[in-house]
Amino acid sequence: MRAESSAIDGTGIAVSTGTELTSPAHAGTGRSTADTYAERGGTPAGSPGRTARSAAGTPRRTPSPTDRRSGTLQAALGVTAFSLTFPATAWGLQGFGPWSLVAVRCVLAAVVAGGCLLALRVPVPARRHLAGLAVVAAGVVLGFPLLTTLALRTSTTAHAAVVVGLLPLTTALFSALRTGARPSRMFWLAACAGAAAVIAFTVQQSGGALTGADAYLFAALLICAAGYTEGGRLARLMPGWQVIGWALVLCLPLSVPGALVALSYEPVRLTAHSVTGVLWVAVGSQFLGLVLWYRGMASIGIPKASQLQLAQPLLTLVWSVLLLGERLTPAAPLTAAAVLVCIALTQRARG
């Protein structure tokens, strides 16, 4: 993730606000349209509307009021899709083992993403981008879903939502280390305050010590933040949905055999809840939600989209009550609200 022109989506990747798509004419070259435009210093042929030049020097279209309204709606729908990820995972665990659930989720999402990449004739990424895509795949496609799924075997979705609400702050820290940026003192104070609030919450909820589920959740924060940060770097060179799309496809050699092995060892009980949960985390959260989020980001920009994203942990708390019948302790919404305030302060400090 980069502070200048990227933001975090709800599951996973930092995205740029550019709207250029890769042209079929570049198929097989391993180069994105954004690379070509950046070198030529021009705008895409036939691009409608006025264009403005971003901080990176690449042109972007000035959105109309209608585009902004549509973008706000799409970004809000994307955040809503992401907020359902943990409840859907809890549903999926009613009929699948944790390893089967994650592997099947990856396969289904990769099939959908690969179909879209193929239909739009998106060229294969250049070899120099493969290492970065591997980091995204390890952190966002495999690591975060697996660790959070393992945690949700014994943790409530409300508890997990509060802990993972710290992810934007964790990603900001990784981004600062990766890019060498020096955030302000307010940024670091807000980040530390958010971390302290979450740690205090987890210790209080677990009776004075961290549980195994908490260890999984904190590990998920670290590995996913690394994937988000690398995704932000790649999003400067290709549209964000292509970053997650190629990361999903890159995982197929692991996810397909993994699904076959896991399904042979873990019992499967197909119910309405378990099937709905698997389909949602695969198609709704990991692909459709991302597409809506990226399109919304391109229309309304980072600041407005980021404000919408702040509602995600609180939405997950609502879903945990409505869909799973969980009972919230007073500490859960209070801690989530405190983390959201800290995130807002870090965004203001970085802006």
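The values are calculated or read from the model by the stated rules, or taken from the named source; none is laboratory data. The structure displayed is predicted, hence computed values, not measured ones. Cβ sites come from the backbone with ideal geometry, for glycine too, and all protein chains shown count toward neighbours. When the accessible area is computed, the model is the full protein with side chains, heavy atoms only, and any ligands, DNA or RNA have been set aside. Shrake-Rupley method; radii C 1.70, N 1.55, O 1.52, S 1.80 Å.
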So the helices (runs of 4 or more DSSP H) completely within segment 84-154 holding 2 or more residues that are over 30 Å from Leu322 (Cβ atoms) and either open to solvent by less than 20 Å² (accessible area, probe 1.4 Å) or not β-branched (Val, Ile, Thr) (or both) are 98-119, 130-136
Over segment 155-167, the set of residues among the β-branched types (Val, Ile, Thr) and open to solvent by 10 Å² or more (accessible area, probe 1.4 Å) is Thr156, Val164
By residue number, the members of segment 186-200 that are open to solvent by less than 10 Å² (accessible area, probe 1.4 Å) and farther than 12 Å from Leu166 by Cα are Phe187
Of those in segment 322-346 that are open to solvent by 60 Å² or more (accessible area, probe 1.4 Å) and in a helix (DSSP H, G or I), the residue modelled with the lowest pLDDT is Leu345
All conditions in (1) more than 19 Å from Thr148 (Cα to Cα); (2) in contact with a His (Cβ under 7 Å, 6 or more places away or on another chain) are true of Gly194 except (2)
Within segment 230-239, restricting to residues that are open to solvent by less than 10 Å² (accessible area, probe 1.4 Å) and in a helix (DSSP H, G or I), the one that is modelled with the highest pLDDT is Leu234
